[in-house]
Amino acid sequence: MHTAIADALRDSLATPNQWLRMVFQPQYALDDSRRLIGTEALVRWRHPRLGEVSPAEFIPIAEMTNLIVDLDRFVYRRIVALIQAWQACTLNFPPISINISPLSFCIPGFIDGLIQSVESAGIPHHSLIVEITERALLEINPVSLARMESMKQAGIKISVDDFGIGYSSFSYVKHRIPSEIKIDKSFISGIGRTYEDEAIIRSIITLGDSLRLKVIAEGIETQCQLDWLRTLGCQFGQGYLLAFPLEFEDYTRLLSNHPFVEN
């Protein structure tokens with residue numbers, strides 16, 4: 001089955017605009033304003049024979065077969081093109097976060113290609129945020145780290161996803177490599193049930209506040225979780241309680257009806 005999915009994904013990457021698409025999960029301020037502050041772009045795959053394939057199924061296979069590099073390249077090129085479309089319509093949009101695999105950071109020219117794509121399109125560098133998982137951040141070598149620094153110097157922000165689930169990379173946080181950290185949804189689901197999860201969330205929020213990092217809570221699904229996070233001072237979040245991932249047309253309509261206002 002893995003081989004069949006890998007072969008189908010390889011074919012889909014040859015004609016990416018036909019079967020691969022992006023959806024957008026809005027991120028909001030958790031105060032009473034419910035202000036739109038960002039969006040995470042997520043890749044989806046609908047194959048004519050396999051149907052809708054879950055990212056939980058095809059992303060690991062893409063990583064095992066190194067197809068993840070081509071997939072990551074599709075993602076950033078597609079997002080750059082969509083940002084251009086919003087600009088052409090004079091829509092105000094928040095920063096868009098994309099997930100990049102650590103394998104892609106190891107490919108010579110990948111980060112340079114990303115930066116060049118942004119510059120050639122004439123879009124603001126700060127309109128793009130690159131997310132990398134905490135575990136992946138720990139595994140990055142000095143060469144890849146230098147590439148991350150060049151990306152940051154170009155004005156593209158870096159976010160640490162799934163923060164707290166690995167051996168926290170405090171050295172990278174200390175040296176201001178990321179501009180934001182995202183609390184993993186596994187901890188959010190423990191709110192009201194597990195003291196340990198709540199203690200970890202408190203620590204992450206305190207760390208972010210102390211280092212002036214934006215902290216975003218992922219996977220908010222209940223009013224209890226939202227109320228607890230607000231009480232603790234967590235300012236930003238995303239999850240099904242706030243908004244489901246939206247197709248491009250629906251997200252564009254959201255931007256038209258509720259324009260992004262930079263704080």
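The values are calculated or read from the model by the stated rules, or taken from the named source; none is laboratory data. Predicted model, so just to flag it, every value in this text is computed and none were measured. Counting neighbours? That spans all protein chains shown, and the Cβs are built from the backbone with ideal geometry, glycine included. The protein model used for the area step is the full one, side chains on, heavy atoms only, and it has no ligands, DNA or RNA in it. Shrake-Rupley method; radii C 1.70, N 1.55, O 1.52, S 1.80 Å.
For the stretch 19-46 and the stretch 218-257, compute the distance between their C-alpha centroids and round to whole Å.
The two parts, judged by their Cα centres, are 8 Å apart.
Ignoring ligands, DNA and RNA, what percent of the accessible area of the chain is carbon or sulfur (1.4 Å)? Before the final figure, lay out each step's value.
Details: 6470 of 12430 Å².
In the chain, the share of accessible area belonging to carbon and sulfur is 52 percent.
Using only DSSP helix segments of four residues or longer, with each worth -39500 (n - 2.57), what per-residue ellipticity at 222 nm results for the chain after dividing by its residue count and rounding to 500?
Numbers: 13 runs with 128 residues, N = 263.
Estimated from H runs of four or more residues: -14000 deg cm²/dmol.
Under 10 Å, Cα contacts only: if you run a Gaussian network model on the chain, which one of 69, 143, 43 comes out with the highest mean-square fluctuation?
Answer for the Gaussian network model of the chain: 143.
Provide the per residue accessible area, probe 1.4 Å, for the stretch 78-136, rounded to a whole number of square angstrom.
Values: 2220 Å² over 59 residues.
Accessible surface, normalised per residue, equals 38 Å².
With charges only on Cβ, +1 for K and R and -1 for D and E, what is the dipole size of the chain about its Cα centre, in debye, rounded to 20?
Once rounded to the nearest 20, the dipole reads 420 debye.
Positive end of the dipole of the chain, charges at C-beta (+1 Lys, Arg; -1 Asp, Glu), about the Cα centre: which of 261, 56, 9 has its Cα farthest in that direction?
261
Calculate the spin-label point distance for residue 10 paired with residue 248, positioning each point 7 Å from the Cα along the beta-carbon direction, and give it in nanometres.
2.7
When DSSP assigns beta bridges and you keep just the ones with both residues in the chain, what percent turn out antiparallel, to the nearest 5?
On the way: 16 of 36 bridges.
Bridges in the chain are about 45 percent antiparallel.
Amide H neighbours of residue 30 under 5 Å, at least 5 residues apart or on other chains, H built in the peptide plane: list them.
Those lying under 5 Å, H to H, from residue 30 are 236, 237.
Please compute the modelled spin-label separation between residue 146 and residue 85, points set 7 Å along Cα→Cβ, answer in nm with one decimal.
The modelled label-to-label distance comes out at 3.8 nm.
Kindly write out, for the stretch 26-43 in residue order, the coupling ³J(HN,Hα) from the Karplus curve 6.51 cos²θ - 1.76 cosθ + 1.60 (θ = phi - 60°), rounded to whole Hz, with x marking Gly and Pro.
Once θ is set to phi - 60°, the couplings for the stretch 26-43 become x, 10, 10, 5, 8, 7, 5, 6, 6, 6, 5, 10, x, 8, 9, 8, 10, 7 Hz.
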